[in-house]
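Here's the structure we're looking at; comments come further down.
The values are calculated or read from the model by the stated rules, or taken from the named source; none is laboratory data. Not measured: the values here are computed from a predicted model. Note that each Cβ is placed from the backbone with ideal geometry, even for glycine, and that neighbours are counted across all protein chains shown. Remember, those area values only see protein heavy atoms, side chains included, never the ligands or the DNA or RNA. Shrake-Rupley method; radii C 1.70, N 1.55, O 1.52, S 1.80 Å.
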Amino acid sequence: MIPFAHLNLRFNPFGELTESERTRIAVLRAAPPAVGSCVQVIAGCGRGKTAHLFAFAELLGAPYERADVTPGGRLISPLASLAAFVLDEAQLADRRDLVAAARVETLVLGTHDDLSGRLGGREVRTVRLDEPPSIDVLAEIVRRRIEHARRAEGPVPSLSAGALALLLSKHGSDLRAVEGTLYGAFQRLAGPVAVTEKDLSNGEV
Amino acid sequence: MAKCDLRIVFATPGPFHAGEIVRGEVTADVYESVSFNKLTLHREWRTHGRGNKTTGGATSTVLAPAGEWSPGAYRFPFEFQVPNGPFTYRGNLLNVDWYLRAELDVPWAFDPKNEIEIPVLPGPSPELADRGPEFAAHYATVRRKGGGSGGMIAGLAVGTIFAGVGSVMAIIGVTSLAVGKFDGFCPGSMGLIFVVTGAGAGYMAIRNRLAQRRIGRPEVSIGPRDVAPGGAIDVRIQLQPAAVVELASVKVTLLGEEVVVSGSGTNKTTHRHTLHETALVLASDRTLSPHELPHFDGRFDIPASAPWTFKASSNEVKWRVTVHLDIRGWPDWSDEHPIVVRPA
């Protein structure tokens with residue numbers, strides 16, 4: 001009855017993680033923002049944008065807020081008194097909040113759209129996560145997820161090079177879709193072995 | 001190397017049953033002298049899987065107050081009564097587990113800790129079991145789909161808004177195309193989609209009301225609503241037709257599924273996994289007349305392995321019976337009724 005003991009894991013590595021877990025194991029594909037800079041991370045859903053924002057917020061010691069779940073449609077963070085601020089889904093932010101956020105010394109925006117023209121002329125560094133990760137980066141993302149779920153010393157499941165290549169060819173930059181495919185594969189896994197292309201091709205990819 | 005390692009050892013191995021007294025000890029193997037604020041034993045249940053994690057039932061016991069340990073081995077006995085749920089569940093999208101975590105609060109340093117799972121099974125009072133923090137509120141007040149006017153009004157409102165906005169967009173688009181501006185294609189086509197969506201939403205909102213003009217208001221009886229695996233549920237659908245009705249079929253379905261939600265806001269996704277689905281056709285090709293009082297009966301056997309109902313934030317095991325009356329030449333009637341599967 002011990003969950004995933006047969007895989008030497010505590011849980012399915014590709015299930016939903018908490019914010020702090022995502023921050024702890026994030027594989028960053030962009031340099032952290034320098035103090036005093038403004039960075040916008042542009043990507044569609046499922047590309048790892050929020051994981052980057054969580055990690056940047058922790059590095060900067062900055063509050064993190066999402067513009068799509070703000071009560072009354074307005075941000076609640078006290079922007080005027082902040083030295084750093086991280087705003088996710090910024091393309092949904094009220095125009096007034098975006099102008100106010102642009103005055104924060106160090107600002108990180110997560111967005112689906114290019115907001116560089118809406119920040120009062122502030123210079124913006126743009127990071128795009130819509131390109132598929134390299135196979136090495138994908139391998140590291142997968143490895144950290146599995147290690148995070150490790151139960152004890154000893155073998156744990158892994159992914160073959162072919163499985164990684166297949167995931168990239170099928171899902172590209174959509175890490176959420178990769179997550180979903182691997183979740184199903186790990187649910188079916190009988191032991192701490194390597195997941196192969198054949199395992200992924202069994203009706204799941 | 002850590003200054004000490006903590007382990008949790010049970011006097012007898014699990015799984016454990018609700019109400020049972022569990023005894024064990026936390027052992028500390030100390031390698032270097034360590035000062036600490038307290039040694040605490042935490043207990044809680046957590047969900048894990050494809051849904052947002054949620055937790056509950058948290059308790060904490062201080063096993064040792066502030067002190068200092070020299071190198072050596074230390075033992076701290078504990079005992080607690082196993083809670084009456086939620087019970088350990090191993091599903092496809094959802095898992096529920098109880099955890100015991102020993103933690104040493106070391107000032108200005110990494111806190112040594114160790115955590116193990118506690119498998120928890122039903123005990124002598126399963127009818128009183130905790131079935132998740134949202135269970136009681138949900139199953140006490142749940143409304144049947146289509147049973148009240150509130151849902152119909154909301155559906156009509158949504159449908160009207162969509163159709164109205166869509167009509168405006170369609171007019172703009174068509175007007176632009178009429179004067180040779182091909183950029184009117186986008187708003188025009190989007191407008192048509194909105195109009196169709198709005199019409200569909202409005203139709204679904206009033207479909208049952210329309211059906212009831214022919215078949216009367218169906219009386220659906222389901223019993224028992226609270227059943228153990230291996231038991232059975234009887235379903236009766238009583239009709240009082242207002243006119244001659246041609247029923248293509250009367251179908252009832254028992255559906256059990258895991259429903260979990262991942263993400264939040266615009267990134268929220270609902271995932272479903274079917275645990276069990278059985279459909280019964282109680283009648284087909286029947287003609288009913290206004291003076292009849294026909295009823296249709298069926299029985300569902302609940303599988304012996306049926307998972308128990310559970311409801312927490314973003315994580316649910318739910319069971320329901322759906323009723324569908326396929327009326328020839330007239331809108332269909334459908335309804336759904338939640339049932340609860342509990343430990344025996």
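Working note: Karplus 6.51/-1.76/1.60 with θ = phi - 60° gives region A:17-24 the couplings 10, 6, 4, 5, 5, 4, 5, 5 Hz, where Gly and Pro are set to x. Taking all Cα pairs closer than 8 Å and separated by 6 or more residues, the relative contact order of region A:1-113 comes to 29 percent. For region A:1-32, a reduction of at least 50 Å² in accessible area between the chain on its own and the assembled protein chains (probe 1.4 Å) is found at A:Met1, A:Pro3, A:Glu16. The simple Förster model, with R0 at 51 Å and r as the Cβ-Cβ distance, assigns B:Asp5 and A:Asn202 a FRET efficiency of 0.80.
Pairing chain B with chain A buries about 1700 Å² of accessible area. This figure sums both sides and uses a 1.4 Å probe.
Computed from backbone phi with θ = phi - 60° and the Karplus coefficients 6.51, -1.76 and 1.60, the 3J(HN,Hα) list for region B:282-293 is 7, 6, 8, 6, 10, 9, 10, 10, x, 9, 8, 10 Hz; x is used for glycine and proline. For the peptides A:79-86, A:103-110, the ranking by mean Cβ contacts within 10 Å, running from highest to lowest, is A:103-110, A:79-86. Solvent-accessible surface of region A:26-149, averaged per residue with a 1.4 angstrom probe and all protein chains in place: 45 square angstrom. How much net charge surrounds A:Ala62 when only the other residues with a Cβ under 13 Å from the Cβ of A:Ala62 are counted, with Lys and Arg +1 and Asp and Glu -1? Here the count lands on -4. In terms of packing, defined here as the mean over residues of other Cβ atoms within 10 angstrom, the peptides B:221-233, B:47-59 line up highest first as B:47-59, B:221-233. The label point for B:Ala66 and the one for A:Asp94, both projected 7 Å from the Cα toward the Cβ, are 4.6 nm apart.
In this structure, the amide hydrogen of A:Gly110, modeled 1.01 Å from its nitrogen in the peptide plane, lies closer than 5 angstrom to those of A:Val41, A:Leu87, A:Asp88, A:Glu89, A:Ala90, counting only residues at least 5 positions away or on a different chain. Report in % the part of the accessible area of chain A that belongs to carbon and sulfur, leaving out ligands and nucleic acids; probe 1.4 Å. Answer for chain A: carbon and sulfur cover 52 percent of the accessible area. A crude spin-label estimate for the pair B:Asn37 and A:Met1, with each label 7 Å from Cα along the Cβ direction, gives 3.4 nm.
For B:Ser249, the residues whose modelled amide H falls within less than 5 Å of its own, excluding neighbours fewer than 5 places apart on the same chain, are B:Asp285, B:Asp326. Applying 1/(1 + (r/R0)^6) with R0 = 30 Å to the Cβ-Cβ distance of B:Ile21 and B:Asp105 gives a FRET efficiency near 0.65.
Ranked by the mean number of other Cβ atoms within 10 Å of their residues, highest first, the peptides A:54-67, B:327-340 fall in the order A:54-67, B:327-340.
Counted residue by residue at 0.36 nm each, then reduced by the alpha carbon distance between them, the extension gain from B:Glu115 to B:Lys268 reaches 52.0 nm. Computed from the Cβ-Cβ distance with R0 of 60 Å, the FRET efficiency linking A:Ala152 to B:Asp301 stands at 0.90.
Here the simple spin-label model places points 7 Å from the Cα toward Cβ, and for A:Thr126 and B:His138 these points are separated by 4.3 nm. For chain B, the longest principal axis of the C-alpha atoms and the axis of helix B:149-178 are separated by about 70°. Report which residues of region B:28-49 become buried by 20 Å² or more of accessible surface when going from the isolated chain to the complete set of protein chains (1.4 Å probe; DNA, RNA and ligands ignored). SASA drop of 20 Å² or more in region B:28-49: B:His48, B:Gly49.
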